[in-house]
Structure formats: structure tokens, C-alpha cells
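The values are calculated or read from the model by the stated rules, or taken from the named source; none is laboratory data. Quick caveat: nothing in here was measured; it's all calculated off a predicted structure. Note that each Cβ is placed from the backbone with ideal geometry, even for glycine, and that neighbours are counted across all protein chains shown. Heads up: the accessible areas ignore ligands, DNA and RNA and are worked out on the full protein's heavy atoms, side chains in. Shrake-Rupley method; radii C 1.70, N 1.55, O 1.52, S 1.80 Å.
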Amino acid sequence: MIARIWSGKNKLYWLLIPFSLLYGLVVVIRKTCYRIGIFKSWRAPIPVIVVGNLSVGGNGKTPLVIYLVEQLRIRGYKVGVVSRGYGGSSEHYPLIVNETTSAHIAGDEPVLVYQRTKVPFAVSPKRSEAIKLLLTQHKLDLIITDDGLQHYALQRDIEIVVVDGKNGFGNGWYLPAGPMRELPSRLKCVDFVVVNGQSHHVYQHAYLMTLLPHKAINMLTGEQKPVTELQSVCAIAGIGDPNRFFNMLKVLNVDVINNVSFTDHQKYSLQQLSNLVDSSGILLMTEKDAVKCVSFAQNNWWYLPIDAILPTPFIENLTHKINQLKNI
């Protein structure tokens, strides 16, 4: 129902427009307070890159953050990452993510990024505190913040907005009538626009991002094999857009007998997932789901990692901008 309302296919969104106007007014007042100094913001001593979005839901920020970490390290930069840690339940912040940190404590996305990259990573609702902690432990050249485009308490040097190529900005309205945290006109102010997947919409000066799957990985043994070799698969996804994962498997001609969607950042249990498949079948999940199931994974559970692929000019233009900042 929400998806249809936000897409404009269900006209019930008109009933919510008064609330969206109020939300938009709050957004404008809040941004103005930061701009004129009523609300204070903090500037880090090194460049900060924010990867965020204008709409709610999973747009592909996490694969892009992993791509940025890997590409920038290849080019010699010492990178740190910070995040709010949505879905985590740590008793204290800021929190350093390490090999023993669970998704329950830090949130699924921080643990996923750390396990893929081993990058210095700190979590805190106040990103400035996370950055300060990282800088006490590491000599870094720049910081990437996973999400936080609307977190104006942290000043930023480069803004990258990820747009869902399939859904775009829906009906274009602020929450709750539409999916927008900020209006599409905000794109005019950011440094880079990345579109996740082919889109019918035209975004000026945007870079196309595609998601390329790896081999499937067994969660207990670490065995890897082409995902097409898995048989009698029950696919699950607790991400912003589960259909993106299911459609990928369909395009790959994976032998999927059932798709099960969960809410984004879903917390799982052994009984909940064991009931979905018997010992003769395969439970296949996203990497984001897998980091939450490590402690009770079964021998027929697999996950499918993905990589973000972007055109070379994107990373070249980004590094050029970073180098300009370092020379200021």
C-alpha cells in the first residue's frame, strides 16, 4: 500500500499532503537554522564525503560505500568510515567496529562494510563523535559517512546522492505523502549523482551504477560456487527493496522456488528462517541479511555478495575533487 501511495498510483496520498507540507516546513526551518548558525555544526580536520539519498528506502548506498573505500585505497588514500548505526543497540557511543562486533550491536550495514573492507569504522548517532574517535586511533586522509545527507550537524566537503533508478523519487512529495526527505531540487546542490540501475528518468550529470553478483558463499563452510548451481532455492531479503534482489536472481536463472520479503533491517531468529526451507533445499539471502545470521547459520544457508560497478570517470572526477580540497 505504501509503495503504491508513494509512487502516485494510489491517490490516497492527497490526504497526507497537509502533513507533508508541515514536514517540508520543518526541513526548511532546520536547514536555515544550520545555515545562519543558530544550530551549530562541526567541521572535521580532514575532508568528509557524505553518501546519502533524498528518499527513504534502500537506494544502494552501502555497495557504493564499499566501492569508494576500495577504489580510494587503491589510489593511496587512508580512508575511515562512520555511520549512525541504524538498527544497532550499543549501550555506549561512539563505537569502534571490529572483527567481534555483531550486527545486533552496531547495525547490519556497518558490520557488512567492515567485514568486506576492514576499513577503520566507527558508529555514533552523532557522526562528529565517531570521526573524533577514529582520528585518535588512525592517521586518515578522509572520512566517508554512510548516510547522513540530512545530518547537517556535520559539515561536509563532498556530497554524493544515490538515486533508485527503478523507483526514482515516486510522486515527489515529502514524507508521509511521498518518499522524500528533501525535494528533488536538492540534486542541484550536490557534487555527484549516482543512479542505481537503468532509469526512465533523466538526471543531469549522473553516473550509472550497476550491481554485479559474486559467487554464492556458504555461511558455515565458506564454500563458493556460482549461484546458478544452487537448487531448490528459497530466497529471502530484508532490504529496502527486496524485489531488486529477487529480480537479480530471476535474470540469472537461479532455481528459485520461493521468495520471502522482510522489512529493511529485519532481525532474524533460527526458528523463523528454518521454517522456510527443509534440509533438501537452499536458503539464499543477501549479504546484509547474512551478517545478522552468522551465529545460528545452518549448512544449507548461503548468501550472495554484490559489487558496485561505476564508470571510470566517476572515480577520476571524485579523486580530482579530493585533491583540490587537500591543496586548499
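For Ser199 and Lys250, compute 0.36 nm times the residue count separating them, minus their Cα-Cα distance, and round to one decimal in nm.
Contour length minus the Cα-Cα distance gives 16.4 nm.
If contacts are Cα pairs under 8 angstrom and at least 6 residues apart, what is the relative contact order of the chain in percent?
So the answer I get is 20 percent.
Return one whole number: the accessible area per residue of the chain in Å², for a 1.4 Å probe.
Value for the chain: 48 Å² per residue.
Mind checking the dipole of the chain: about its Cα centre, +1 per Lys or Arg Cβ, -1 per Asp or Glu Cβ, Debye to the nearest 20?
1120
Pick out, from Val277, Leu112, Val65, the residue whose Cα sits farthest towards the positive end of the charge dipole of the chain, with +1 on the Cβ of Lys and Arg and -1 on the Cβ of Asp and Glu.
Farthest towards the positive pole: Val65.
Sequence gap at least 6, Cα distance under 8 Å: using those rules, report the relative contact order of the stretch 64-157 to the nearest whole percent.
Averaging sequence separation for qualifying contacts and normalising by length gives 37 percent for the stretch 64-157.
By what distance, in whole Å, do the Cα atoms of the stretch 1-154 stretch along each of the three principal axes, largest value first?
Here the spans come out as 51, 37, 35 Å, largest first.
Counting other Cβ atoms within 10 Å, keep those with at most 16, restrict to DSSP loop, and tell me which chymotrypsin sites (Phe, Trp or Tyr not before Pro) in the stretch 116-176 are left.
Tyr152
Equivalent ellipsoid semi-axes for the stretch 34-73, as square roots of 5 times the alpha carbon gyration tensor eigenvalues: give them largest first, rounded to whole Å.
So the equivalent ellipsoid measures 26, 18, 5 Å along its semi-axes.
Along each principal axis of its Cα atoms, how long is the stretch 227-328 end to end? Whole angstroms, biggest number first, please.
Principal-axis extents of the stretch 227-328 (Cα, largest first): 60, 29, 22 Å.
Calculate for the chain the 222 nm mean residue ellipticity that helices alone would give, adding -39,500 (n - 2.57) per DSSP H run of length 4 or more and normalising by residue count, nearest 500 deg cm²/dmol.
-9500 deg cm²/dmol
Along the three principal axes, how long is the chain when you take its alpha carbons, biggest first, rounded to the nearest angstrom?
Its Cα atoms span 62, 52, 42 Å along the three principal axes.
Per 0.36 nm of contour for each residue apart, how much would the distance between Lys215 and Gln155 grow if the chain were fully extended, relative to their Cα-Cα spacing?
Result for the pair: 17.7 nm of gain on full extension.
What translational D, rounded to a whole number of µm²/s, comes out for the stretch 78-212 from Stokes-Einstein when the hydrodynamic radius is the Kirkwood one over Cα pairs, at 4 °C and 1.567 mPa s?
Here the translational diffusion coefficient equals 79 µm²/s.
Give the peptides 84-94, 271-281, 235-245 in descending order of average Cβ contacts within 10 Å, highest first.
235-245, 84-94, 271-281
Run through every distinct alpha carbon pair of the stretch 147-291 and return the Kirkwood hydrodynamic radius in angstroms, one decimal place.
In the stretch 147-291 this quantity evaluates to 17.7 Å.
Suppose R0 equals 45 Å. What FRET efficiency, 1/(1 + (r/R0)^6) with r the Cβ-Cβ distance, do Leu22 and Gln224 give to the nearest 0.05?
0.35
Before anything else, pin down the relative contact order of the stretch 1-139: Cα pairs under 8 Å, at least 6 apart, normalised by residue count, whole percent.
19
Report the label-to-label distance for Ser274 and Gln231 in nanometres (one decimal), using points 7 Å from each Cα along the Cα→Cβ vector.
Taking the two extended label points, one gets 2.5 nm.
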